[in-house]
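The values are calculated or read from the model by the stated rules, or taken from the named source; none is laboratory data. What you see is a predicted model, and the numbers here were worked out from it, not measured in a lab. Because the Cβ atoms are built from the backbone with ideal geometry, glycine has one as well, and the counts that use them run over all protein chains shown. In case anyone asks, the SASA skips ligands and DNA or RNA and just uses the protein heavy atoms, side chains included. Shrake-Rupley method; radii C 1.70, N 1.55, O 1.52, S 1.80 Å.
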Amino acid sequence: MSALLDVRGLDLSLPSYDGERPILRQVTFSIGAGESLGLVGESGSGKSMTVRSIAGLLPRGARVGGSIVFDGTELAGCSAAVRRASRSRMALVFQDPRAHINPVRSIGDFLTEALRLNRKVPRREAEARALRVLDDVGVSDPARRLRQYPHELSGGLLQRVMIASALLVEPELLLADEPTTALDVTTQADVMAIIDDLRRDLGLALLFITHDLDLAAAVCDRTAVMYAGEVIEVQPAEELHEHPEHPYTQALTAARPSLTGTSPRLPVTPGRPIAAFQVAGGCPFEPRCAFATDRCREERPSLHEHGHGVVACHHAGALDRGPVRA
Ligand SMILES: Nc1ncnc2c1ncn2[C@@H]1O[C@H](COP(=O)(O)OP(=O)(O)OP(=O)(O)O)[C@@H](O)[C@H]1O
Ligand SMILES: [Mg+2]
């Protein structure tokens, strides 16, 4: 079966003061219809830029290479008309709802605009649909909310409105970029439960970006890990959680705090994360990797099948023999 979204060898460069900078390198993953994929990685690893590339929301001067195929249509370098058609089948939810909503327009106008202008749905019907979807995402007194303005709503409520607006266009793919990071813990759980329920009920495919490996494992079928602008491992979510293959994924999973753990300190990976433009010829994780060899310094590992998924490490499968370098 072909995937709903197939990202292959996606490269992205952005202009900077000293020329063009690589941001993404050879990013590769796919999402089947109705499947959920978690995208994890530290700050600056390229998660949001990956989503922006898929949605066609890149900064001016961006250069994209490789391929982004959505339901059989190539989106990399596509025309504005193809982009519009594909965008109407995907929806985005961002980390900070307040940054993505016009503060001087009512919630009702915000929710119904796309339906009225793009789909030519009459105002009354658009409002009726908005009321239904607000109810679906657990917003109380939806009729009153339609007349309110963004500043009158809490962050959690506004994020529900954003999810409602994403669902109004009846998308097939939901791109959620850290949708709960800015919310308090109980609201986070509520919003996450709404996304998860709707995804199952409506059969939506989901690309879910998070820093939280445990959350990715709870919500997603598979998890992809990014490091320095590359996808370095993709596995079934539970498998990645329990048996990470790449040394970076192993470091990430080892650094999770545990409520039952007895270790007084969490292990720390030496060195600092690097950006894609700082990567030399070899493996991006080589400077911090306890298993690195000369081959890792010289030759960039590409994603290859391993275990139940793919991993970009020359030594995948042999790491339980212990560190090669002192
Ligand atoms: N508008 C921009 N122009 C140039 N470079 C950018 C721009 N936005 C982001 N970058 C750079 O692109 C790289 C990837 O950024 P991105 O926002 O995708 O990271 P991220 O994984 O989403 O991080 P976070 O977890 O902090 O959201 C970073 O090195 C960042 O500095
Ligand atoms: Mg981001």
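Values for this structure:
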| item | result |
| --- | --- |
| Extension gain, residue 278 back to residue 318 (0.36 nm per residue minus Cα-Cα distance, nm) | 11.7 nm |
| GNM top mover of 88, 79, 45 - the chain, alpha-carbon springs below 10 Å | 79 |
| 125, 305, ranked by accessible area, largest first (probe 1.4 Å) | 305, 125 |
| Gaussian network model of the chain, Cα within-10 Å springs - most flexible of 56, 229, 38 | 56 |
| Full-stretch length increase - residue 189, residue 135 - with 0.36 nm per residue and alpha-carbon distance subtracted | 17.7 nm |
| Accessible surface of the chain [probe 1.4 Å, protein heavy atoms]: carbon and sulfur percent | 51 |
| Solvent accessible area, Å² - residue 63, 1.4 Å probe, full protein context | 140 |
| Three semi-axes of the equivalent ellipsoid, the chain, Cα gyration tensor, whole Å, largest first | 37, 23, 17 |
| Label point 7 Å beyond Cα of residue 100 along Cβ direction - residues of segment 16-50 with amide nitrogen under 16 Å | 39, 47-50 |
| Among 276, 164, 143, residue whose mean-square fluctuation peaks in a GNM of the chain (springs only between Cα atoms under 10 Å) | 143 |
| Label-to-label distance, nm, for residues given as residue 221 and residue 299 (7 Å Cα→Cβ offset) | 3.4 |
| Spin-label zone in segment 145-170 - amide nitrogen under 19 Å from a point set 7 Å from the Cα of residue 84 along the C-beta vector | 169-170 |
| Helical mean residue ellipticity (222 nm; -39500 (n - 2.57) per DSSP H run of 4+; nearest 500) of the chain | -9500 deg cm²/dmol |
